[in-house]
1. For the protein assembly as shown, what class follows from the C-alpha gyration tensor (a ≥ b ≥ c being the square roots of its eigenvalues): rounded when a/c is under 1.5, otherwise prolate if a/b is larger than b/c, else oblate?
2. Starting from the eigenvalues of the Cα gyration tensor, five times each then square-rooted, give me the equivalent ellipsoid semi-axes of segment A:206-332, largest first, whole Å.
3. Among D:VAL170, D:HIS202, D:LEU313, whose Cα lies farthest out toward the positive end of the dipole of chain D, if unit charges sit on the beta carbon of Lys, Arg (+1) and Asp, Glu (-1)?
4. Do you know the relative contact order of chain C, to the nearest whole percent, from alpha carbon pairs under 8 angstrom that are 6+ apart?
5. To confirm my reading of the symmetry, which residue of chain D has the Cβ nearest the axis that brings D onto C, and what whole-Å distance does it have?
6. Out of all DSSP beta bridges with both ends in chain A, state the antiparallel percent to the nearest 5.
7. Taking A:LYS22 as the anchor, which lysines have their alpha carbon closer than 22 Å to its alpha carbon, excluding any fewer than eight residues away along the same chain?
8. With the Cα gyration tensor of chain B in hand, convert its eigenvalues to equivalent ellipsoid semi-axes via √(5λ) and list them largest first in whole Å.
Amino acid sequence: MSLKTYREAINEALLQEMQKDKNVVVIGEDVAGGAGTNGEQDAWGGVLGVTKGLLKHFGRERIIDTPITETAIMGMASGAALTGLRPVAELMFVDFMGVCFDQILNQTAKFRYMFGGKAVTPLTIRTMYGGGLRAASQHSQCLYPMFTHVPGIKVVLPSNPYDAKGLLIQSIRDNDPVIFMEHKNLYDTSGDVPDESYTIPFGEANFTREGKDITFIAMGQTVEICNKVADTLKKEGKTSTVLDLRTLSPLDEDSILEAAEETGKVVIVDESYPRCNIATDISALICQNSFDSLKAGIKMVTPPHTPVPFSPPLEDLYLPSEEKVINTAREIL
Amino acid sequence: MSLKTYREAINEALLQEMQKDKNVVVIGEDVAGGAGTNGEQDAWGGVLGVTKGLLKHFGRERIIDTPITETAIMGMASGAALTGLRPVAELMFVDFMGVCFDQILNQTAKFRYMFGGKAVTPLTIRTMYGGGLRAASQHSQCLYPMFTHVPGIKVVLPSNPYDAKGLLIQSIRDNDPVIFMEHKNLYDTSGDVPDESYTIPFGEANFTREGKDITFIAMGQTVEICNKVADTLKKEGKTSTVLDLRTLSPLDEDSILEAAEETGKVVIVDESYPRCNIATDISALICQNSFDSLKAGIKMVTPPHTPVPFSPPLEDLYLPSEEKVINTAREIL
Amino acid sequence: MQLNREELLKAYQGMCMIREFDDAVHYEFAADAMPGFVHLYVGEEASAMGICMNLNQKDTIASTHRGHGHCIAKGCDVTDMMKELYGKKDGICGGKGGSMHIADLSKGMLGANGIVGGGPPIVLGAALTYKTKKTNNVSVGFFGDGASNQGSISESMNMASVLKLPAIFVCEDNGYAESTAREYAVGGKILDRGKAFGLDSHEVDGDNFFEVYETAKHVIENARNGKGPALLHIKTSKVYGHFEGDAISYRTKEENERIKNDEDPLKIFKMKVTEAGLLELDQLEKIENEAKAKIKNAIDESKKAEFPTSKDLLTDVYIKY
Amino acid sequence: MQLNREELLKAYQGMCMIREFDDAVHYEFAADAMPGFVHLYVGEEASAMGICMNLNQKDTIASTHRGHGHCIAKGCDVTDMMKELYGKKDGICGGKGGSMHIADLSKGMLGANGIVGGGPPIVLGAALTYKTKKTNNVSVGFFGDGASNQGSISESMNMASVLKLPAIFVCEDNGYAESTAREYAVGGKILDRGKAFGLDSHEVDGDNFFEVYETAKHVIENARNGKGPALLHIKTSKVYGHFEGDAISYRTKEENERIKNDEDPLKIFKMKVTEAGLLELDQLEKIENEAKAKIKNAIDESKKAEFPTSKDLLTDVYIKY
Ligand SMILES: Cc1ncc(C[n+]2csc(CCOP(=O)(O)OP(=O)(O)O)c2C)c(N)n1
Ligand SMILES: Cc1ncc(C[n+]2csc(CCOP(=O)(O)OP(=O)(O)O)c2C)c(N)n1
Ligand SMILES: [Mg+2]
Ligand SMILES: [Mg+2]
């Protein structure tokens, strides 16, 4: 066990799985970097350095730099998964899904069902998402609701270094396609992470706080916001449950309903666009199944229905914040 | 006024708008057909004949057949919209969005906001969606929740010939990008449609039944299912409200809340995949805003979370049906 | 001619089976006995067989919407395939896929595809597996003249070229994409595109089995030996329309006649092998009759077979219901 | 040399303004005064100016993530641009876009683009507008060597070719895409790709303003006259790294020196015009100083300018709040 950043936890998961299983390969743009140049090899190790250092262990045969052709990358990764490798493909920013979505939506996600159960596609897609870096409209989106909408692909959103390592190892070992989504604002956060290899099963949400007065449901970056709000409310004598979903698909419906029923008051905090997102998905699930336990309408804290603005003060206003969450909670407390 | 099919209503809307405004052009694969051949020109008029006959009125300069390159089609259409045309681009099946989604998600939908309000993008994307034709996993999807998730694009789903004509003319005249979604199973349905040109404003849902006991919220093909269920229930002495959303974005929140509050019991019927879909979106909206009026948990009727199966009996089991809707309604009546 | 008698018989068997299969589907569909959308391969048989006779069972192919021929050439069972087209439970994909999604991974058939240009990116992956595991296998991606414009094809050719993958790209150019002529939709030349992306590129007469076979042999052997990917631009034509129901009004009568009479790869094969005295007419006719019988049987079996039931709806996914 | 004195002055003014703008951004970013991601164009100035001097205000361009130079060459106001980079309310996009989304439609600048290969499809549309309205305008799409592999580029070249659109594709090949060399990522040749998609294709020395200008003039005039699209493959190099913060460890010191000293388009221009006696050194220095002053002023103004407020968050969308 030692203190590691979210970035280091991910890097270590890759390193350990690649050491363990020679069928694991990493595919993406500049995942090593320096390909074809006279300068440093492993020059980048990913655009934010997450795969840095893997090249020296595994060489270019397993750390595969590619041209900027995401359709070919995703297709290659899923074809490789179909035929015996266990690839980890990188979609640099999830915002770029639009140039390669067919290979995910209609190909890899559907193979197993469409081919009558005969296909096994152990593919992991790693991608960065989320706001806060002033990266503007095309590099700050969440988009995980779109992947969650698609049957056949699993959606994983670690909120901390411990989960990042355990869930990534699980993703690589899983026999279905998984999109593993890394919040770029979390890379430098740190926490205790075991040095050895371990997995966290999919479909098990994590209670980060347990209380009686109100329930917060969160994912990715919003977990920490909700934890802080819970701590603030505690000082005021109100206790909160905070549930970190960890995997959006499969979804831990039991824990969600349990968490909702315990307090009867629910606030869901989701950084993605507000329409057809995870907040609405969870709200509808609870309302359909646990209506009799509810004491108030389920509240949602999300950005407004606009693209992500560039200007720092606008982006700050745009994103969910402790202030917005606590104000919303107070409406029903 | 005369009896027209959904297909004819759409064709007439295009014909009349193209006659009125020479900036309207139609762009897509085989929208005329026969390009470069020695045989019939206008050989297809779209894969299901919706644009048939337009070629003889407007010629190949305005009915533009393209190669099978949806990214180039969507980009061309949005660039044309940015610079003074009012294009109607066809995405043959919405299932193909994956090969061109970037031009919608990150380009045309974001221009207006991202460019500080200076861009005007009067683009209409026509597309076919939905199940029932045994067209299997890659030609039967709905996917409208994904477009609804994206800020900056309007989403229109006519459920009948009258709405199809009025909403399509509105779409073409609208100054924002619109995706106009045609359920392929509705093309041969018919209804009274005015011969002259008219528009139906966006963001106005349509009450197709008004009642006191239960509220059904529907869109596209599911509207007719709900109407029939309402009629069946009426024979049993229960009256229903049926609300046809017509446009998913913008959304007529007022009518939705009104419809929900009137009866306190809501069933939402959505043909799309169940996670992060329109059913969850509407349910969450109602639960957040009209909780005190609800007498029961909001119920959702959707397909299961799997790709669309090919086999006819499986597809029938997969899709929402009158039987499923009425059984669900009975749970809360 | 490098093929021995057995191989020649196998080639003709395969082409006849494809022909009979899709001819039968044509009639079944017209008789309203078959659901969905079907795209027939009649007229292009020499391409599938000419390529796939160079492949072993561990080699893979990814097909198109017009996939029956590729399946048969790669060794898929025609009865299981036919059951699939009828949506039956013991169809090759359990009835869940249908004509556009036929696949049999155990035969190295990675799937027909409802998305134009969807297959070649997947082929990159199979080829990457072979390169990584050093197995000397190859993977072949089929696509049409219409598909050749799709960005996925260019990207795939480039990726294969950059990583020197054992991937073969086969453009089956039948002159039309739906009702649109290749002359209209293809800017420049398909062959030049292959070259411009760094592939060893060849144009092939697709009506001539032997030309397809020989050229495929050459590029596939190179790929197996680590010499990298290739493009075959196969000029062919299809007898039926784009899909069943297409009136083919964009082709002239003369063209339809020409395709049927002068460009039939089976006729041409038959003529060549009999003229050269390699196979005898009665042998060939016996093969034709066997194929007919086999397909008739496949249809009878398929009609009798069971549909899947509600139990089957929710299997083959990770969500528990 | 077909350019008159005034035009030569304009060319140098433009190139200096681009140089000063991005040099200033380099320092501001390093001083942590500027938010977000920025990609600088220093070293490629001859391309933007050589192309855009052949365009009028109604012609359009679509740019890349490395867009400042294209904006300036197309006539965007440098102070409004700089304010945008600082996220200020009266930035050229109200602070909502930032460096990667700078646009000014009134100047025919259809936007920088955060998506590699995102611009050329849009250019097709502008070109379609001109063709439909018969206005004799052209539209130019810029993209990099890395982007040249993206399927959107192939598709756009093909579409332009098929519809004979007045569209010019400009590949600004600076040898690298992020840290990856063109030699690695480009299978085949970029120039051949243009030809294979049916475009009039030319390779150009991008360090030499005059070569860019002349070649662009030729293809743009052809496009205006209905002779269809073209590809320019411009060989150039950039001084700074991929984005600000990049340590450029993938280039050798020698290469960095060579780019700075021997491949500077401003130096080369200066040398050529002075040697040919077309412009005088003090004239050129005056231009340099004016550009410096103008950019210094733009930065001062930008720093003083107001940020947008909560009122601005929800405007420019159709949803009512
Ligand atoms: C991405 C995508 N776009 C459009 C279609 C509709 N479509 C199916 S087949 C086809 C024509 C394909 O032509 P070609 O590649 O020449 O193959 P052929 O049918 O001639 O064998 C089209 C446009 C599709 N299935 N997928
Ligand atoms: C679709 C997509 N993929 C990847 C990226 C990340 N990215 C931004 S710029 C770039 C390199 C582009 O290289 P090139 O086209 O040569 O342009 P240059 O930066 O050299 O000007 C990459 C990979 C992106 N923005 N969009
Ligand atoms: Mg074809
Ligand atoms: Mg470059």
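Read-outs throughout are calculated quantities, based only on the coordinates presented, and are distinct from any laboratory measurement. Only a predicted model underlies this, so the values are computations on that prediction, with no experimental measurement involved. All Cβ positions, even for glycine, are placed from backbone atoms using ideal geometry, and neighbour counts span all protein chains on display.
1. Here the protein assembly as shown falls in the rounded category.
2. Semi-axis lengths for segment A:206-332 are 22, 17, 13 Å.
3. Toward the positive end, the furthest listed residue is D:LEU313.
4. 23 percent.
5. Nearest residue, distance rounded to whole Å: D:GLY151, 1.
6. Antiparallel: roughly 25 percent of the beta bridges in chain A.
7. Output for A:LYS22: A:LYS52, A:LYS56, A:LYS165, C:LYS58, C:LYS131, C:LYS133, C:LYS134, C:LYS164.
8. Working through the eigenvalues yields semi-axes of 34, 21, 19 Å.
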